[in-house]
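Rule-based calculations on the coordinates, nothing more; no lab input. Please read these numbers as outputs of a predicted model, since none were measured by experiment. Note that we place each Cβ from the backbone using ideal geometry, even for glycine, and neighbour counts take in every protein chain shown.
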């Protein structure tokens with residue numbers, strides 16, 4: 001059975017400069033009690049390194065929505081097959097009452113299911129220099 005951490009309640013802010021303790025970086029990454037966590041079951045648009053204005057706008061919406069979802073109340077952080085990603089972030093599925101918060105973001109068009117790679121959120125648009 002995968003390891004699960006039950007978080008009764010936390011106040012997630014939007015991340016700014018360091019130190020980052022309990023805050024949201026973007027639509028699929030957040031910090032909880034000083035540990036950086038990647039939402040394992042989704043891919044959300046980038047905010048800091050968006051490839052086009054559409055991705056930046058969608059990424060900002062995903063970031064705000066993830067913060068709102070995390071702040072509603074109790075969540076569960078469930079470990080999967082891998083403990084950490086190549087950047088050292090904990091990989092966790094985040095759920096509430098058995099429903100993945102990642103699935104909520106996907107249903108709202110703010111993320112996509114994780115397929116092992118990032119997608120191009122700018123397909124069909126002129127991309128800015130990165």
7 Å from Cα along Cα→Cβ at both residue 74 and residue 6: what's the point-to-point distance in nm?
0.6
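By how many nm would the segment from residue 16 to residue 97 lengthen if fully extended, with 0.36 nm per residue of separation less the alpha-carbon distance? Display every interim value, and only then the final one.
Working: separation 81, 0.36 × 81 = 29.16 nm, distance 2.97 nm.
The residue 16-residue 97 span can extend by a further 26.2 nm.
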Residue span residue 64 to residue 33: 0.36 nm per residue of separation minus Cα-Cα distance leaves a gain in nm of 9.2 nm
Which angle from 0 to 90°, rounded to the nearest 10, does the C-alpha axis of helix 53-71 make with the longest principal axis of the chain?
10
Measure out, as a whole number of angstrom, how far apart the alpha-carbon centroids of region 19-51 and region 75-102 sit.
12
Just grab the label-to-label distance for residue 108 and residue 81, each label 7 Å out from Cα along the Cβ direction, in nm (one decimal).
2.9
Using only the Cα atoms of region 4-113, build the gyration tensor, take square roots of its eigenvalues as a ≥ b ≥ c, and label the shape rounded, prolate or oblate: rounded if a/c is under 1.5, else prolate if a/b is larger than b/c, else oblate.
rounded
